[in-house]
Amino acid sequence: MGTVLAVVILLFAPRAEAFVTQYGFGPASTELAGMTAAGPSDAFSAYLNPARLGDGLSEDHRFRATWGLEYLHADFTPITNIVINSPVISGVSGPVVGNYDASVPDGFGQWLGVEYLVTPFWNLTVGAAAFLPLNGLAQLDTGPIYQPSYVLYGSSWQVPKVVLSAGVQPAPWLRFGLGASVNFAATANVDLYLQASDGTASDQRVQEVLTPTIAPLMGLDIDTGFGHVGLTVRAQSVTTVTLNTSASARVFGDLQAAIDFGYLSTASLDFEPWSFELGYRFPELAGLITPMIQVSYQMWKEMQLPEASINNSSQFQPTLTPDVVFQDIFVITAGAEFRIGSVIARIGYTYRPSIFADLPSDVGNLIDPDRHLVGLGVSIPLTDKLTLDVDGQFQYLVPDNVVKTPGDEFGNESGEKIGAPGYPIGGFVYGGGLSISYTP
């Protein structure tokens, strides 16, 4: 088992988060619209709720694993006839009006979940859950800081993720687990010298350091005698990049004079808030249906803006950072399993409000509409050891209208803000996948 976990770490640990954290991790969670704390036990319990690690395993069946592919596509409402550029952020002489494409790359990747029962004593079990994008190891894009941007879509779909956990069962009615999400922060120093005259050469040096960070998670599972209560607590995790540039440019031919400049830019590429997920799984009713419900509290008030910004430690004007007010939110999820012979069908629904307290009427155009999410899928036994899962998801982003306030980003009445006079938001996200589970 140690070899299996080592391979998982090597293959899947380059960065931090992925779209699985927003829509589900593993087939069952995805089919149930992101159910985590009290969902069915499977090979992805290391992430969903580490307390359920080992549930269903025995001395004769110590191991289980699931591998699958997942795809997501976003189709946002078109944005037309708005200010897309202005003298505030570039060298244009006046506001530039046009259509803006806020689309994001499709999400496409594979996930892997494994569990292994180390010893029957307290049912000590270890597990790992991982996701790796297939259309590029990672597509890191800080996004536009002034133009419209759906902040929780796109790059966050494309960043790998790995979680390692362990769980025990100290009493017949109680399970407990601990885990960690492995994230990375990057710091780069760039020394740059540019020359324009013949007989000279430009030169640059880049030094980058990747620093691993750990975001812990904890899980509980309590058998009440009439269903299970599950709790998953996730600590805040951030994937950051810091770029320190020191540059000099000789742009006046053979003159020895050079233009020296430097700046420090920072970006938060991905952010996951503190999250408290409390769920209840009813006992199977009439041998046919198992209902589940979950309430999650997510602390988005501490979110760091995903855009790259230049600070005011240089001779250049700093980035005009939008004054965004984030809010903590409650997320409601409900779902059910239907057992039809040896086949299990699942369906789930989640409502998640916007992480922003207000629409972006002033500086900046970060967007996150309220969201209704429906998941469904079916689990079909192929043999006594192999099971096929087919899942699908559909999201409805609630329509709304952004109306920009008069004047430019600095309050000059003669100008217009990026995004003026306003634009509609909303759209759809849909996708699905296939997974194979193996239990020897």
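The values are calculated or read from the model by the stated rules, or taken from the named source; none is laboratory data. This is a predicted model, so every value here is computed, not measured. Here the Cβ positions follow ideal geometry from the backbone for every residue, glycine too, while neighbour counts run over all protein chains shown.
Give me the residue from the range 277-290 that is modelled with pLDDT of 95 or more and touching a Lys or Arg at 6+ places or on another chain (Cβ under 8 Å) and, out of that set, farthest from Ala235 (Cα to Cα).
Residue satisfying both the conditions and the ranking: Ile289.
Just checking, does the range 393-407 include any residue being in contact with a strand residue (DSSP E or B) (Cβ under 7 Å, 6 or more places away or on another chain), over 25 Å from Met303 (Cα atoms) and small (Gly, Ala, Ser)?
So far as the range 393-407 goes, no, none of its residues is in contact with a strand residue (DSSP E or B) (Cβ under 7 Å, 6 or more places away or on another chain), over 25 Å from Met303 (Cα atoms) and small (Gly, Ala, Ser).
Looking for whichever is modelled with pLDDT of 95 or more, farther than 30 Å from Pro148 by Cβ and either among the hydrophobic types (A, V, I, L, M, F, W, C) or in contact with a Phe, Trp or Tyr (Cβ under 7 Å, 6 or more places away or on another chain) (or both) here; the options are Val398, Val390. Which one fits?
Val390
Trp157 passes all but one of (1) among the hydrophobic types (A, V, I, L, M, F, W, C); (2) under 30 Å from Leu320 (Cβ atoms); (3) under 30 Å from the mean Cα position of the chain (by Cα); (4) at pLDDT 85 or above; which number fails?
Here Trp157 clears every test but (4).
Please tell me if Val238 is part of a strand (DSSP E or B), surrounded by fewer than 18 Cβ atoms within 10 Å (Cβ to Cβ) and at pLDDT 75 or above.
No.
Counting just the residues of the range 359-392 that are assigned to a strand (DSSP E or B) and acidic (Asp, Glu), which one comes out nearest to Met303 (Cα to Cα)?
Only one residue fits best here, namely Asp391.
Hey, could you check the range 173-202 for residues that are touching a residue at least 12 places away in the same chain (Cβ under 8 Å) and among the charged types (D, E, K, R) and say which is nearest to Thr245 (Cα to Cα)?
Ranking the candidates gives Asp191 first.
For the range 410-440, enumerate the residues that are surrounded by fewer than 19 Cβ atoms within 10 Å (Cβ to Cβ) and not in a strand (DSSP E or B).
Hits for the range 410-440 are Phe410, Gly411, Asn412, Glu413, Ser414, Gly415, Pro421, Thr439, Pro440.
For every residue, the table says whether it meets (1) surrounded by 15 or more Cβ atoms within 10 Å (Cβ to Cβ); (2) of a type in the set (Ser, Thr, Tyr); (3) modelled with pLDDT of 90 or more.
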{"site": "Gly91", "(1), (2), (3)": "no, no, no"}
{"site": "Gly94", "(1), (2), (3)": "no, no, no"}
{"site": "Asn99", "(1), (2), (3)": "no, no, yes"}
{"site": "Leu112", "(1), (2), (3)": "yes, no, yes"}
{"site": "Tyr116", "(1), (2), (3)": "yes, yes, yes"}
{"site": "Trp122", "(1), (2), (3)": "yes, no, yes"}
{"site": "Thr125", "(1), (2), (3)": "yes, yes, yes"}
